[in-house]
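J.: This structure is in structure tokens; I'll ask about it shortly.
The values are calculated or read from the model by the stated rules, or taken from the named source; none is laboratory data. What you are looking at is a predicted structure, and each value in this text was computed from that prediction instead of being measured. Cβ placement follows ideal geometry from the backbone for every residue including glycine, while neighbour counts extend to all protein chains displayed.
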Amino acid sequence: QKLTKNDGRPRAQDYNDVTQEFMATVIREYRARLCTQAPMPDHVQETALLSASWARGCQVTSVNLARSPQLVKLVTIRGSQIRGQLKTKLRPLVEAVYGFHSSQSKSAIKKNRALAEELKEGMNFAFKHMAAQEDGWRGFLKAPLIQKIMNMMWFANKHDDGVMFPDHFKPFPHPALALVLTSIECCIDEWATGTRMDVAFTIQEYRGMFESHLNCLREFEEATKQYGVLSGICNKIYEAGRFVATFVHLSLELTATCP
């Protein structure tokens, strides 16, 4: 299996072509399952995700590869990578969309601190017009930032996970939505003092908040089930993402064919 001796971090390129193809399939499946089923998994959930992804790899490639610790690490490390990618993409968006300002002036610091508190109050950041208390659920999950980061993270092009794995992403799953809400809140937490400070987006620090957001989505679904509001929102997120991915692909094709 392994072609190159490497005592450091495991790398897919250290293995032969058959193993690399198998691992690429498993990793892609694991990413999709992780994001849509258990983005902040405990050990039991992580093991279940790995087993299902490994089985899918065997099915797709017709290769039955033993699960060595090194190969397992190649897969499970994707969890922290995905969360890191999401946070990295969100950080500048949160700053720009919500109006935080990097400044050492006392007035700017005070405004940033107040803004962070206001956004976190009652999940205001997830509402279209930050009017959660006055309007109940009205505008919930309609903040433009939410769709924008979905597009960037899972629908950037026709080969992205949201497009390639409709069984997992259609309609857009609640756990992935809760992960996005948690990551947005983590980015807001960086402004809690009024000056942006790095806050690690780790399972240890943010699983509780993730579970809280997931429960909130369940409560929202229950409160509006008569009208199918949340299912409608999740369907729209998926369809809008698919449209963006298709549009990007067509634009690239047109650019390539135009003289």
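J.: Residue check: is PRO166 crowded, with 18+ Cβ neighbours inside 10 Å and either under 15 Å from the mean Cα position of the chain (by Cα) or closer than 14 Å to THR36 by Cα (or both)?
T.: no
J.: Same structure again: Can you find even one residue in segment 86-104 that is at pLDDT 95 or above, touching a Phe, Trp or Tyr at 6+ places or on another chain (Cβ under 6 Å) and not β-branched (Val, Ile, Thr)?
T.: yes
J.: Condition check: surrounded by fewer than 16 Cβ atoms within 10 Å (Cβ to Cβ) and not in a helix (DSSP H, G or I). Does SER103 satisfy that? Write out each step before concluding.
T.: On the way: surrounded by fewer than 16 Cβ atoms within 10 Å (Cβ to Cβ): yes; not in a helix (DSSP H, G or I): yes.
In short, yes.
J.: Scanning for something in contact with an Asp or Glu (Cβ under 9 Å, 6 or more places away or on another chain), in a helix (DSSP H, G or I), modelled with pLDDT of 95 or more and within 30 Å of PRO171 (Cβ to Cβ), does segment 6-25 turn up at least one residue?
T.: no
J.: Filter segment 37-48 down to the residues that are surrounded by fewer than 23 Cβ atoms within 10 Å (Cβ to Cβ) and under 16 Å from GLN81 (Cβ atoms) and list them by number.
T.: Scanning segment 37-48 gives ALA38, PRO41, GLU46.
J.: Let me ask something else about it. Among the candidates GLY228, GLY232, which residue alone is surrounded by fewer than 22 Cβ atoms within 10 Å (Cβ to Cβ) and more than 19 Å from ILE149 (Cα to Cα)? Don't jump to the end; show me each part of the working.
T.: On the way: GLY232 fails: more than 19 Å from ILE149 (Cα to Cα).
Being surrounded by fewer than 22 Cβ atoms within 10 Å (Cβ to Cβ) and more than 19 Å from ILE149 (Cα to Cα) holds for just one of GLY228, GLY232, which is GLY228.
J.: Next question. Filter segment 187-223 down to residues that are within 21 Å of HIS101 (Cα to Cα) and in a helix (DSSP H, G or I), then give me how many there are. Can you show your working first?
T.: First, the residues of segment 187-223 that are within 21 Å of HIS101 (Cα to Cα): 187-200.
Cutting the leftovers down to in a helix (DSSP H, G or I) gives us 187-189.
Adding up the residues that qualify gives 3.
J.: Evaluate the following for ALA66: is it at pLDDT below 95, small (Gly, Ala, Ser) and outside the structural domain of GLU211 (by TED's automatic domain parsing)?
T.: Judged against the criteria, ALA66 is a match.
J.: Further question: State whether one or more residues within segment 105-123 are at pLDDT below 90 and touching a strand residue (DSSP E or B) at 6+ places or on another chain (Cβ under 9 Å).
T.: No, segment 105-123 has no match at all.
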